[in-house]
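Visitor: Here you go, one structure.
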Amino acid sequence: MKFIYLVKKLNEKLLSFICKLYAETTFSRKNVQLIIDDVKELLTKPLNIFREYILKTINSDHEIKEKDINHFFFEFENIFSSLDTEYLRFKYLEKSNYFVKPIEYIVGQKPDKISNNKTLPKNYTSQFIHIRDSSDLKEFGEDVIFSNAIDECNYLETIGIKVNQNGKEITI
């Protein structure tokens with residue numbers, strides 16, 4: 001009876017999760033599929049480890065320890081507890097070398113009127129990400145990291161881009 005209740009609750013939560021993904025208008029169907037695949041992998045790997053522990057322990061002379069089971073469930077229930085805010089998530093990624101903090105540069109200024117007829121300069125900025133420090137480059141290689149940029153450069157080289165200069169549309 002408890003197993004049927006578990007399956008029912010899992011299906012309810014799964015349905016709610018999928019509905020929320022499809023309700024998010026900024027997600028494409030491809031994004032939804034990627035999220036579902038990643039969540040499936042996130043849940044499957046730890047559960048397989050736990051299953052192996054349980055089966056190995058049952059088939060041996062060892063006792064299953066309640067504290068081990070409680071510890072597993074505690075870790076599983078709190079998997080996101082250290083990632084509750086965007087700040088904590090970026091700190092986690094930075095610590096793991098999967099996030100390289102961008103360096104912001106001021107590329108220009110323009111006067112910007114504010115209240116009381118005061119004018120202050122408004123900065124226009126650009127960001128630079130030093131990918132040589134990124135673990136992505138080491139893990140996936142240059143071909144994967146730069147493939148989109150190379151494809152875009154090839155496209156621009158063969159097709160060009162239309163710009164408007166002095167009222168005339170030209171292709172460069």
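The values are calculated or read from the model by the stated rules, or taken from the named source; none is laboratory data. What you are looking at is a predicted structure, and each value in this text was computed from that prediction instead of being measured. Methodologically, a virtual Cβ is constructed for each residue, glycine included, from the backbone with ideal geometry; neighbour enumeration extends over all protein chains shown.
Visitor: In the list E12, E104, E52, which residue meets the criterion of being at pLDDT 85 or above and under 30 Å from H130 (Cβ atoms)?
Guide: Selected residue: E104, the only one of E12, E104, E52 that is at pLDDT 85 or above and under 30 Å from H130 (Cβ atoms).
Visitor: Given the criterion modelled with pLDDT under 80 and under 30 Å from T171 (Cβ atoms), identify the matching residue among N148, N116, N97.
Guide: Going through N148, N116, N97 in turn, just one is modelled with pLDDT under 80 and under 30 Å from T171 (Cβ atoms): N148.
Visitor: Please pick out the residue among K40, K9, K91 that is basic (K, R) and more than 17 Å from the chain's Cα centre (by Cα).
Guide: On inspection, the qualifying residue turns out to be K9.
Visitor: For segment 101-121, indicate whether the set of residues that are closer than 30 Å to F80 by Cβ and of a type in the set (A, V, I, L, M, F, W, C) is non-empty.
Guide: Yes, the conditions are met somewhere in segment 101-121.
Visitor: A follow-up question, please. Check I161 against each of (1) at pLDDT below 85; (2) within 26 Å of L42 (Cβ to Cβ); (3) among the aliphatic types (A, V, I, L, M) and name the one condition it does not meet.
Guide: Only one criterion is unmet by I161, namely (2).
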